[in-house]
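Undergrad: Here it is, the structure in full.
The values are calculated or read from the model by the stated rules, or taken from the named source; none is laboratory data. These numbers were taken from a predicted model, which means no experiment stands behind them. Cβ sites come from the backbone with ideal geometry, for glycine too, and all protein chains shown count toward neighbours. Heads up: the accessible areas ignore ligands, DNA and RNA and are worked out on the full protein's heavy atoms, side chains in. Shrake-Rupley method; radii C 1.70, N 1.55, O 1.52, S 1.80 Å.
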Amino acid sequence: MTDPTTDTGPTGDPHSSRASLEALRAEISKAVVGQDPAVTGLVVALLCRGHVLLEGVPGVAKTLLVRALAASLELDTKRVQFTPDLMPSDITGSLVYDARSTEFSFQPGPVFTNLLLADEINRTPPKTQSSLLEAMEERQVTVDGTPRPLPEPFLVAATQNPVEYEGTYPLPEAQLDRFLLKLTVPLPSRQDEIDVLTRHAEGFNPRDLRAAGVRPVAGAADLEAARAAVAKTSISPEITAYVVDICRATRESPSLTLGVSPRGATALLSTARAWAWLTGRDYVIPDDVKALALPTLRHRIQLRPEAEMEGVTADSVINAILAHVPVPR
């Protein structure tokens, strides 16, 4: 396999594409310290044509992480700061009257891009949040009855704050289910935090990623080649049954009021397949399923109120299920 530190451009070849996507981690690490699982999750989402919800307290580099990903890809990117007064047309675009032609013309909104950063998505009302639903699911927006396709590839990376609820609007279950992954961005370890402060002391400017040395290392051709290779990664009937058993176990858990739907099971199969390919295999093993179970399923289940009061979390329920569901040999 090509050394990912030297493969610096899109080629369209599956092997070099894997190296280019692996190189994203090294490139993003020039700007973001200690968030490798989140970086991996973003790469998996790109391979699966899925969307990502990043959750973490303020100041843990959620926005910087997505901006660094965008800077590492030869793709168009736009950012929307979600606020209580944001309107659906501010995202999708609207018809604008042209006085010279005396006709209405469509003015595309920021959703017409490859990588959309939806910053603090839970700060805008449900009506505006729902304007993303069609874009995320159908890869198009409908304005004045006319469907308009979005560019390919298209990924929504949304951020939200899990601890500050004043002035926020919880995401509807239907919209949560459209996110392929929910990635938690934790506080850094002591050494990582020292590294962050050292970089800032040496002049690192998070608003100038080019000065930090972040350069494009992959593009649309790499993604297409990689996606085609992922689609050829084999899945045995035993692995398919294992995914189904995990998801069915969530529906029978006494701690949950809502288990994982068949859409969630399909998502877990897809993410496990992408992870298998990223790690250099052309077949999926149970460890691939286990590795992606938490980020793929944690936002698709709903805890009972009494379980929450006892300190049960979505992650702890999924971990318990993974420990009890028989693993295929």
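Undergrad: Sort through Asp222, Asp192 and tell me the only one that's touching a residue at least 24 places away in the same chain (Cβ under 8 Å), farther than 23 Å from Gly50 by Cα and either out of contact with any Phe, Trp or Tyr (no Cβ under 8 Å at 6 or more places or on another chain) or open to solvent by 20 Å² or more (accessible area, probe 1.4 Å) (or both). Talk me through it step by step, then tell me what you get.
TA: Working: Asp222 fails: farther than 23 Å from Gly50 by Cα.
Checking each option against the conditions leaves just Asp192.
Undergrad: Out of the stretch 299-324, which residues are touching a Lys or Arg at 6+ places or on another chain (Cβ under 9 Å) and either surrounded by fewer than 19 Cβ atoms within 10 Å (Cβ to Cβ) or of a type in the set (Asp, Glu) (or both)?
TA: Of everything in the stretch 299-324, those that are touching a Lys or Arg at 6+ places or on another chain (Cβ under 9 Å) and either surrounded by fewer than 19 Cβ atoms within 10 Å (Cβ to Cβ) or of a type in the set (Asp, Glu) (or both) turn out to be Val312, Thr313, Asp315, Leu322.
Undergrad: For the stretch 122-175, which positions are open to solvent by 30 Å² or more (accessible area, probe 1.4 Å) and of a type in the set (A, V, I, L, M)?
TA: Residues satisfying the conditions are Leu133, Val163, Ala174.
Undergrad: Further, regarding this structure: If Leu209 meets every condition in (1) without any contact (Cβ under 8 Å) to a residue 60 or more places away in the chain; (2) touching a helix residue (DSSP H, G or I) at 6+ places or on another chain (Cβ under 6 Å); (3) not in a helix (DSSP H, G or I) apart from one, which number is that one?
TA: (1)
Here's the yes/no breakdown for (1) of a type outside the set (Phe, Trp, Tyr); (2) at pLDDT 85 or above; (3) under 16 Å from Leu115 (Cβ atoms):
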position: Asp3; (1), (2), (3): yes, no, no
position: Ser17; (1), (2), (3): yes, no, no
position: Lys30; (1), (2), (3): yes, yes, no
position: Leu64; (1), (2), (3): yes, yes, yes
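Undergrad: Could you list, in sequence order, the residues of the stretch 268-298 that are open to solvent by 10 Å² or more (accessible area, probe 1.4 Å), among the small types (Gly, Ala, Ser) and touching a Cys at 6+ places or on another chain (Cβ under 9 Å)?
TA: Selection gives Ser270 alone.
Undergrad: Turning to a different aspect of this structure: Within the stretch 233-255, is there a residue that is over 26 Å from Val325 (Cα atoms) and of a type outside the set (Val, Ile, Thr)?
TA: no
Undergrad: Let me ask you something else. Can you find a residue that is more than 17 Å from the chain's Cα centre (by Cα), among the hydroxyl-bearing types (Ser, Thr, Tyr) and farther than 25 Å from Ala226 by Cα anywhere in the stretch 261-284?
TA: Scanning the stretch 261-284, I find at least one residue that is more than 17 Å from the chain's Cα centre (by Cα), among the hydroxyl-bearing types (Ser, Thr, Tyr) and farther than 25 Å from Ala226 by Cα, so the answer is yes.
Undergrad: Among the residues of the stretch 240-264 satisfying the criterion of being without any contact (Cβ under 8 Å) to a residue 60 or more places away in the chain, assigned to a helix (DSSP H, G or I) and of a type outside the set (A, V, I, L, M), which is least open to solvent (accessible area, probe 1.4 Å)?
TA: Top of the filtered list is Cys247.
Undergrad: Are any residues in the stretch 287-309 within 23 Å of Thr159 (Cβ to Cβ) and touching a residue at least 40 places away in the same chain (Cβ under 8 Å), and if so, which ones?
TA: Leu292, Ala293, Pro295, Thr296, Leu297, Arg298, His299, Arg300, Ile301, Gln302, Leu303
For every residue, the table says whether it meets (1) charged (D, E, K, R); (2) more than 23 Å from the chain's Cα centre (by Cα).
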| position | (1), (2) |
| --- | --- |
| Leu180 | no, no |
| Leu183 | no, no |
| Glu202 | yes, yes |
| Ala211 | no, yes |
| Val217 | no, no |
| Lys232 | yes, no |
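Undergrad: Still on this structure, I have one more. Restricting the first residue to the stretch 265-286 and requiring it to be closer than 13 Å to Leu47 by Cβ, which pairs with a second residue that is acidic (Asp, Glu) meet a Cβ separation below 7 Å and a spacing of at least six or different chains?
TA: Ala272/Asp288; Trp275/Asp288; Ala276/Asp288
Undergrad: Next up: For Val244, which of the numbered conditions (1) modelled with pLDDT of 90 or more; (2) within 24 Å of the chain's Cα centre (by Cα); (3) of a type in the set (A, V, I, L, M); (4) within 30 Å of Leu73 (Cβ to Cβ) fails to hold?
TA: Result: Val244 fails condition (4) only.
Undergrad: Would you point out the residue of the stretch 304-329, among those that are among the β-branched types (Val, Ile, Thr) and under 26 Å from the mean Cα position of the chain (by Cα), that is farthest from Pro237 (Cα to Cα)? Spell out how you get there, then give the answer.
TA: Quick first cut of the stretch 304-329, residues among the β-branched types (Val, Ile, Thr) only: 312-313, 317-318, 321, 325, 327.
Narrowing the set further to residues that are under 26 Å from the mean Cα position of the chain (by Cα) leaves 312-313, 317-318, 321.
On the way: Val312: 32, Thr313: 31, Val317: 25, Ile318: 22, Ile321: 20 Å.
Going through the qualifying residues, I end up with Val312.
Undergrad: Is it true that some residue in the stretch 225-235 is closer than 29 Å to Thr296 by Cβ, open to solvent by 40 Å² or more (accessible area, probe 1.4 Å) and either basic (Lys, Arg) or in contact (Cβ under 8 Å) with a residue 60 or more places away in the chain (or both)?
TA: Within the stretch 225-235, the first condition is being closer than 29 Å to Thr296 by Cβ, and the residues that meet it are 225-235.
Subset that is open to solvent by 40 Å² or more (accessible area, probe 1.4 Å): 228, 231-232, 234-235.
Next, from what is left, pick out any that are either basic (Lys, Arg) or in contact (Cβ under 8 Å) with a residue 60 or more places away in the chain (or both): 228, 232.
Within the stretch 225-235 (the criterion being closer than 29 Å to Thr296 by Cβ, open to solvent by 40 Å² or more (accessible area, probe 1.4 Å) and either basic (Lys, Arg) or in contact (Cβ under 8 Å) with a residue 60 or more places away in the chain (or both)), the answer is yes, since at least one residue qualifies.
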